[in-house]
1. Please work out the FRET efficiency for the pair Trp57 and Met1, using the Cβ-Cβ distance as r and a Förster radius of 41 Å; give the result to the nearest 0.05.
2. Working with all protein chains in place, sort Ser23, Ser43 by solvent-accessible area computed with a 1.4 Å probe, largest first.
3. Between Gln209 and Ile117, what length comes free when the chain is fully extended (0.36 nm per residue of separation minus the Cα-Cα distance, one decimal in nm)?
4. So what is the calculated 222 nm ellipticity per residue for the chain, using -39500 (n - 2.57) for each DSSP H run with n of 4 or more, over all residues, to the nearest 500 deg cm²/dmol?
5. What relative contact order, as a whole-number percentage, does the range 2-242 give when Cα pairs under 8 Å and 6 or more residues apart are counted?
6. To the nearest 10 Å², what's Arg54's accessible area with a 1.4 Å probe?
7. With charges set only on the Cβ (+1 for Lys and Arg, -1 for Asp and Glu), what does the dipole of the range 2-242 come to about its Cα centre, in debye to the nearest 20?
8. How much solvent-accessible surface does Glu47 expose, in Å² to the nearest 10, with a 1.4 Å probe and all protein chains in place?
Amino acid sequence: MKGLLYKNYLITRKYYFMAFMFSFITALFMILIRLSMICGNISHDAEAVDELTRSMWIFRYMPCAVIILGFAGYEETFFTDLNAGWTRFSRTTSLSANKIVGSYFLSSGIVLTSAYIICLLYLVIFCLSFGDKISLHYITNITSLFCFGVIKQYFNLTLAMFAQKRQTVQLIAISIALIFPWLLCAYIYPKMKELENPDTVLLEWMAQQFEPIKAYIFPVMLFLAVIFTVGGYFISVKGLERRTF
């Protein structure tokens, strides 16, 4: 198992390094804007400071969403092994389908957990640097993002065990992902008249629209993450066992 995990690391390390650097730049950008609100150019514009303060959730969660979704959006490991012939060869060795699939799932879990820890560190640094109180509510929201990343990654991995090409997995994933913007528009569109109020801040208004369902997001995401982890693993094992090369 250690050898399989190390193999997965070697294949994906460059991608995850680039994803980390992109998220680091995003976090730095958010911190610089927050700093500018206190002692920089933005601090001289009271209206801009007020609008940004009322939309502070973007500063807390945007870098976290970038790194979690970036780390959860990569299924290249399996298709690299498939194209190189390793997947076919491994089925002729003593490695069982459970171990092979388990290595992919465990590798993804380790990467996502690392991203989750980085997000918590960012939250602590961001809040302590600017005197904000670290709320359990913030941690819960980041955990919900982590659970969403788990769902996305393990769903893609499960599809990869049945698909012949990476493009097929991406097409199916994108098609399903398009459902969410459609549902979002259907939910928000009837309330668009509220934006006619000149005192309305767009980002703050968008956050308020999810206030009625906010209490249900974390338990739903946690439940789905468990389902996709356990169910995805067993379905993936069956898919690999029945796979034709």
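1. Calculated transfer efficiency: 0.55.
2. Heavy-atom accessible area, descending, gives Ser43, Ser23.
3. Working: separation 92, 0.36 × 92 = 33.12 nm, distance 2.86 nm.
Value of the extension gain: 30.3 nm.
4. On the way: 11 runs with 193 residues, N = 245.
Computed mean residue ellipticity for the chain: -26500 deg cm²/dmol.
5. Values: 176 pairs, mean separation 63.2, N = 241.
That works out to 26 percent.
6. 90 Å²
7. Roughly 1420 debye, rounded to the nearest 20.
8. 130 Å²
The values are calculated or read from the model by the stated rules, or taken from the named source; none is laboratory data. No experiment lies behind these values; they were computed from the predicted model shown. For neighbour counting, all protein chains shown are included, and Cβ atoms are generated from backbone atoms with ideal geometry for every residue, glycine included. Protein only, heavy atoms only, side chains kept; ligands, DNA and RNA dropped before computing areas. Shrake-Rupley method; radii C 1.70, N 1.55, O 1.52, S 1.80 Å.
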